[in-house]
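No lab work stands behind these numbers, since they all come straight from the coordinates. Computed from a predicted model, the values in this text were never measured in an experiment. Cβ coordinates were reconstructed from backbone atoms using ideal geometry, including for glycine residues, and neighbour counts include every protein chain displayed.
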Amino acid sequence: WSAFAPDFSELDENVEYEEKETEFDEEDE
Amino acid sequence: DLPMAMRFRQLRQLTRDSVGVFRSTIHGRGLYCKRDFDGGEMIMEYTGQIIRRELTDKREKYYESKSIGCYMFRMDDYFVVDATVLGSGARFINHSCEPNCYSRIVQFEGKKHIVIFALRRILRGEELTYDYKFPIEDDSHKIACHCGARLCRKFMN
Amino acid sequence: NVLLSLHDRAPQLKVSDDRRSVTGEKGYSMIRASHCVKEGGWYYEATITDMPEGSATRLGWSQKLGNLQAPLGYDKFSYSWRSRKGTRFHQSKGKHYSDGYNKGDILGFYFYLPPS
């Protein structure tokens, strides 16, 4: 368990996440 | 004693000069302060990706599957700040049973921000900690806490 | 006429004055119709009159407990047919169903609710 995500990158201010059309899908068929 | 919005405007620059990162035995990294803070002073913003609350379960499961510590902070009833992959150093503020910081949602130019404040006077060199529960549930990953504080939560995570 | 419901929907969606079109900006969420049925076989049609660039839709039906803050077909209470790739969804699992549909297509939906 690492407290530190592998591709973590520093962020100065919040970014709004753009959801994909398949965001909620289990796996795209 | 400036209005909140003005204090927030200067916060970004201030944080750079007043908060440092050190190697923490608890979670790899921790934050400490490079100068004294007065009680109630703004310390830094907890930033990350703003996501809809409905996405948190799926993301938590994903992070768990990759055994990445998940760091999320509820902004309001609809949105959560996910600081796991993209975030400010505030995600390295470790837990403590006697925290010296607390968080508040500050509204600035129509947007909400999670801001960390000093709970009391904090002296230079002190680690910044606040009272929040780490996401780890199973005891095998727990780190015992021996702070002896009245409200000790027995675990550092 | 069956219209889009003004209250039974995710609040962030924008419903047109004639309540026949709906637009969402932040992520996918759901709006239900003004009418519901309890049993028997029902059929309705939807004509796709416009599909702006980059837009997508999932049409179908949902029970009242379907999560409004997720796309139709997300949980066990709803079923949908997607404009992109014509996939059908239930409990977030996508299965191939038809080619994608677009502006000018008329979609037909039939479902049967046994008296039980």
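Could you look through the range C:24-59, keep only residues that are under 12 Å from the mean Cα position of the chain (by Cα) and touching a residue at least 60 places away in the same chain (Cβ under 8 Å), and pick out the one that is nearest to the other protein chains (Cβ to nearest Cβ)?
C:A46
From the list C:A70, C:A56, C:A33, pick out the single residue that is more than 19 Å from A:E19 (Cα to Cα), surrounded by 12 or more Cβ atoms within 10 Å (Cβ to Cβ) and of a type in the set (A, V, I, L, M). Give the derivation first.
Values: C:A70 fails: more than 19 Å from A:E19 (Cα to Cα); C:A56 fails: more than 19 Å from A:E19 (Cα to Cα).
Result of the check over C:A70, C:A56, C:A33: C:A33.
With the requirement that a residue be among the small types (G, A, S), part of a strand (DSSP E or B) and touching a Gly at 6+ places or on another chain (Cβ under 9 Å), what does the range C:73-116 give you?
C:S78, C:S80, C:G94
Report yes if C:K14 is exposed (fewer than 12 other Cβ atoms within 10 Å of the Cβ), in contact with a Gly (Cβ under 9 Å, 6 or more places away or on another chain) and under 30 Å from A:E16 (Cα atoms), otherwise no.
On the way: exposed (fewer than 12 other Cβ atoms within 10 Å of the Cβ): yes; in contact with a Gly (Cβ under 9 Å, 6 or more places away or on another chain): yes; under 30 Å from A:E16 (Cα atoms): yes.
Yes; evaluated as a whole, the condition is true for this residue.
Which numbered condition in (1) closer than 22 Å to B:T84 by Cα; (2) within 12 Å of chain A (Cβ to nearest Cβ); (3) in contact with a strand residue (DSSP E or B) (Cβ under 8 Å, 6 or more places away or on another chain) is the only one that B:F8 fails?
The one condition B:F8 does not meet is (1).
So which residues in the range A:14-24 are surrounded by 11 or more Cβ atoms within 10 Å (Cβ to Cβ) and either more than 21 Å from B:C70 (Cα to Cα) or more than 7 Å from chain C (Cβ to nearest Cβ) (or both), if there are any at all?
Of everything in the range A:14-24, those that are surrounded by 11 or more Cβ atoms within 10 Å (Cβ to Cβ) and either more than 21 Å from B:C70 (Cα to Cα) or more than 7 Å from chain C (Cβ to nearest Cβ) (or both) turn out to be A:N14, A:V15, A:E16, A:Y17, A:K20, A:E21, A:T22.
Could we say that B:K154 is within 11 Å of chain A (Cβ to nearest Cβ), of a type outside the set (S, T, Y), loosely packed, with under 14 Cβ neighbours inside 10 Å and without any contact (Cβ under 8 Å) to a residue 12 or more places away in the chain here?
no
Considering each of B:V80, B:V85, B:V21 in turn, give the residue that is part of a strand (DSSP E or B), among the hydrophobic types (A, V, I, L, M, F, W, C) and either away from every other protein chain (no Cβ under 11 Å) or farther than 18 Å from A:D12 by Cβ (or both).
Result: B:V80 is the single residue among B:V80, B:V85, B:V21 that is part of a strand (DSSP E or B), among the hydrophobic types (A, V, I, L, M, F, W, C) and either away from every other protein chain (no Cβ under 11 Å) or farther than 18 Å from A:D12 by Cβ (or both).
If I filter the range B:46-65 for residues that are within 10 Å of chain A (Cβ to nearest Cβ), more than 15 Å from B:K111 (Cβ to Cβ), touching a strand residue (DSSP E or B) at 6+ places or on another chain (Cβ under 8 Å) and surrounded by fewer than 18 Cβ atoms within 10 Å (Cβ to Cβ), do I get at least one hit?
The answer is no, given that none of the residues of the range B:46-65 is within 10 Å of chain A (Cβ to nearest Cβ), more than 15 Å from B:K111 (Cβ to Cβ), touching a strand residue (DSSP E or B) at 6+ places or on another chain (Cβ under 8 Å) and surrounded by fewer than 18 Cβ atoms within 10 Å (Cβ to Cβ).
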